[in-house]
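Q: Handing you this structure, nothing more for now.
The values are calculated or read from the model by the stated rules, or taken from the named source; none is laboratory data. Only a predicted model underlies this, so the values are computations on that prediction, with no experimental measurement involved. A quick note on method: Cβ atoms are made from the backbone with ideal geometry, for glycine too, and the neighbour counts reach across all protein chains shown. Just so you know, the surface numbers come from the protein's heavy atoms only, side chains and all, with ligands and any DNA or RNA stripped out. Shrake-Rupley method; radii C 1.70, N 1.55, O 1.52, S 1.80 Å.
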Amino acid sequence: MSRQPVGLVLLIGLAAAGATCKGSDPGKQDPPPPTSPADTGAAPARAPAVQEVPGYDVAQLEPSVRADALRILNETYCYCGCPRTIAACLASEADCSCVRCSKRMASFIMNEYKLGSSTEDVEAQLLGGFSEGFNGRPRKFDQPDQPRKGPADAKIELVEFADFRCPHCAAAYDVLDQVVKSKSDVALRYYYFPLSGGGETSIRAAEAAEEAREQGKFWEMARTLFKFQHALEDSDLRGYAQDVGLDLAKYDAAMKSRKHKEKVLEDKRLGEKVGVLSTPSIYLNGRPFQMARTIENIELRIEMEAERGRCD
C-alpha cells in the first residue's frame, strides 16, 4: 500500500492560488467569476479621477498594472456602503465615513498586485471577498452532527464543503486548522461534498471519515485522508482507520453496511441547495468566502465580520 504524502510545495501553491476542484476534473481551476462595474459595486469614476491616492503609491507596482490599479481604486466603492470610491475617500479622509474600510480595501488591492495577481483576479476577489462575499445573503448551516472544532460559542464560524480527493481541499486543511487554533472565537464546521469526478472513491472516503467522527477521531482521519489522497481504495481506508486508532470491528461493520452513505449524500444535497459547485467552498458566518485561501485573507474577513454594522 503506497503512502507517499502529496508534495508540500504543490499544496502551498494551490492554496495561494485559490483554485478549486470540480466534478469530473479534480485538478481543474475555476475561471474567475465574471465581473462588471455593477457586479463589483463599482461605477464609472467621477471626474476628475484621483491620480494620487495618499499612502498608496501605484508607482511601487509593475508598470503594466499601474493604470489598472489606479482605475480600480477610482471605480470601486467600499463594501460598507459609503457613497465615495476608495480613492475619493482616501484623498479626502475628512469627508469619508469609512476611512478604515477604504484603507483595508486599498491595502488588499496593492498587496495582491505586489504578489503578482492579475487584474482579472484582483477584481474577482473584490467581488467575491468584499462586495458579494461580505454583503451576500447568509446561508444557514445548523446541522448538529457535523465534524466541528473550536469553541461552542464562537462568534465566527467557518463552514467548509470539501472532497477528500480534491488537492485544493488538502491545501486548505492546514490553513483552516491554523486559523481555528490561533483564534479563540473562531470555529470550523465540515461538510462532505464528494465530487462526481471522484465517483465511489470519494463517497467511500467520506463514509470512512464519518465513522471516524462517530468514534471521536474525525480530524485525525481527515488529515490522513488528505495526506494520502492518491490512495483511497477500501484497503487503504482500512489501513488509515487502524493508524488513527479506530475500533476496526465497528469500522468494518459500518463500511460493509454503508451505514454513513446517506449522511454523506445528505451533506452534498445541502451543498447543492446553497449553491456549492466546487471544492473547497468556504463560508464565513454563512456568507461565501471567495478569496485566495490564505491565513491573511481569512483573518481579513474575520476582522471585517467583527466590525459589521460599525463603519467609521
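Q: Divide by every residue of the chain the summed helix terms, -39500 (n - 2.57) for each DSSP H run of at least 4, and state the resulting mean residue ellipticity at 222 nm, rounded to the nearest 500 deg cm²/dmol.
A: Numbers: 14 runs with 148 residues, N = 312.
Using -39500 (n - 2.57) per qualifying helix, the result is -14000 deg cm²/dmol.
Q: Also, I was wondering about something else. Restricting the calculation to Cα positions, tell me the Rg (one decimal) and the Dmax (whole number) of the chain in Å.
A: 21.4, 73
Q: Determine the equivalent ellipsoid of region 199-312 by diagonalising the alpha-carbon gyration tensor, then write out the semi-axes as square roots of 5 times the eigenvalues, largest first, rounded to whole Å.
A: 33, 16, 13
Q: Sticking with this one: Tell me which residues come under 5 Å, amide H to amide H, from residue 290 once H is placed; ignore anything under 5 positions away on its chain.
A: Sorted by chain and number, the residues that satisfy this are 129.
Q: Then there is this: If you project the alpha carbons of region 45-183 onto their three principal axes, what span does each projection cover, largest first, in Å?
A: Sorted from largest, the Cα extents of region 45-183 read 56, 32, 25 Å.
Q: In bins 10 Å wide, starting from 0, what share of all Cα pairs of region 65-128 does each bin hold, as a percent?
A: For region 65-128, the binned pair fractions read 24, 56, 20, 1 percent.
Q: Could you run the Karplus curve 6.51 cos²θ - 1.76 cosθ + 1.60 with θ = phi - 60° over region 180-195 and give me ³J(HN,Hα) per residue in whole Hz, x for Gly and Pro?
A: The phi angles translate into 5, 5, 8, 10, 6, 10, 10, 10, 10, 10, 10, 10, 7, 9, x, 7 Hz.
Q: Next question. Tell me the per residue accessible area of the chain using a 1.4 Å probe; a whole number in Å² is fine. Each step should come with its number before you reach the end.
A: Numbers: 14380 Å² over 312 residues.
Spelled out: the 1.4 Å probe surface of the chain, per residue, equals 46 Å².
Q: Taking 0.36 nm per residue of sequence separation and subtracting the Cα-Cα distance, how much length would be gained by fully extending the chain between residue 258 and residue 196, in nm to one decimal?
A: 20.5 nm
Q: Per the 1.4 Å probe, what fraction of the accessible area of region 132-229, in percent, lies on carbon and sulfur atoms?
A: Working: 1660 of 3740 Å².
Carbon with sulfur: 44 percent of the solvent-accessible area.
Q: Which of the GluC sites (Glu not before Pro) across region 167-257 are loop residues per DSSP, with 16 or fewer other Cβ within 10 Å? Provide the component values of the computation, followed by the final result.
A: On the way: sites: 200, 207, 210, 211, 214, 220, 233; in loops: 233.
For GluC sites (Glu not before Pro) across region 167-257 that sit outside H, G, I, E and B with at most 16 neighbouring Cβ atoms in 10 Å, the list reads 233.
Q: For residue 51 and residue 93, what is the calculated FRET efficiency with R₀ set at 22 Å and r taken between the beta-carbons, to the nearest 0.05?
A: The pair residue 51/residue 93 has a calculated efficiency of 0.85.
Q: Another one. How big is the C-alpha Rg of region 96-170 next to the rule-of-thumb value 2.2 N^0.38 Å, as a ratio? All intermediate terms of the calculation are to be shown ahead of the outcome.
A: Working: Rg = 16.5 Å, N = 75, 2.2 N^0.38 = 11.3 Å.
So the Cα radius of gyration is 1.46 times the expected 2.2 N^0.38 Å.
Q: What are the principal axis extents of the Cα atoms in region 214-276, in Å, biggest first?
A: 35, 26, 22
Q: Cα-Cα over 28 Å: which of 227/261; 217/259; 140/183; 114/149; 103/155; 183/273?
A: Working: 227/261 22 Å; 217/259 17 Å; 140/183 22 Å; 114/149 34 Å; 103/155 24 Å; 183/273 30 Å.
Beyond 28 Å between Cα atoms: 114/149; 183/273.
Q: If one computes the Cα centroid of region 157-180 and of region 188-218, what distance in Å separates the two points?
A: If we compute the Cα centre of each part, the gap is 13 Å.
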